[in-house]
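Before any comments, here is the structure.
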Amino acid sequence: MAATPAERRGTVICHPSGERWTAEVWLEEGGERLRPRHRISLNRTFATEDAARRAGEQVVAGWKEGRVPLRELLLKELAAAYRALRETYKTMQPPTVPTTRSAWEQAIDRWAQLGWIEAADAARYRDHVQLAFETEAGPVRRHRLAVDADAAG
């Protein structure tokens, strides 16, 4: 069961990157028994530390208010990582952004084997994949179709 927005906290951490700045958000949820943090990089650079912080704060606010699901944030970071690797390695495998859990797992394993990503990033991306695809699991809602009286006669 997802935590209610009141049970969520987030922190923005900014890092210098040359003359620019990057931001990541650390999200935690669960009320008194907070679950481990989810560390999500915004995967872009900003001209100033203030701009990076504001972007991170917008992400945290959207998540805390329940407007942006965790799954969306996790998949956005994974897709951004894919695009960054694709720019660096023209022989990228897979040739398109993975869309399934198994495709992501295979891609991350391959990137780690090739040395394109570090072990810590590979582990974090695997956690993202696990969380992103677990959160979709749930009961299937069934809907009855209304019978048209004219068609039934």
Quiz prompt | Scope the stretch 77-124; condition among the aromatic types (Phe, Trp, Tyr) and either within 21 Å of Val25 (Cα to Cα) or assigned by TED's automatic domain parsing to the domain that holds Gly56 (or both); matching residues | solution = Tyr82
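Listed here are the residues, each with its yes/no results for (1) surrounded by fewer than 15 Cβ atoms within 10 Å (Cβ to Cβ); (2) out of contact with any strand residue (DSSP E or B) (no Cβ under 7 Å at 6 or more places or on another chain); (3) modelled with pLDDT of 90 or more; (4) of a type outside the set (Lys, Arg).
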site: Pro16; (1), (2), (3), (4): yes, yes, yes, yes
site: Glu29; (1), (2), (3), (4): no, no, no, yes
site: His38; (1), (2), (3), (4): no, no, no, yes
site: Leu42; (1), (2), (3), (4): no, no, yes, yes
site: Phe46; (1), (2), (3), (4): no, no, yes, yes
site: Arg53; (1), (2), (3), (4): no, no, yes, no
Quiz item: Inside the stretch 58-96, can you point out the residues that are assigned to a loop (DSSP other than H, G, I, E, B) and under 20 Å from Gln130 (Cβ atoms)?
Solution: Val68, Pro69, Pro94
Quiz item: Ala103 versus (1) of a type in the set (A, V, I, L, M); (2) in contact with a Pro (Cβ under 7 Å, 6 or more places away or on another chain); (3) in contact (Cβ under 8 Å) with a residue 60 or more places away in the chain: which is the lone unmet condition?
Solution: (3)
Quiz item: part of a helix (DSSP H, G or I) and at pLDDT below 90 - does that describe any residue in the stretch 135-150?
Solution: yes
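The values are calculated or read from the model by the stated rules, or taken from the named source; none is laboratory data. Because the structure is a prediction, the values reported are computed rather than measured. All Cβ positions, glycine included, derive from the backbone under ideal geometry; neighbour counts span all protein chains shown.
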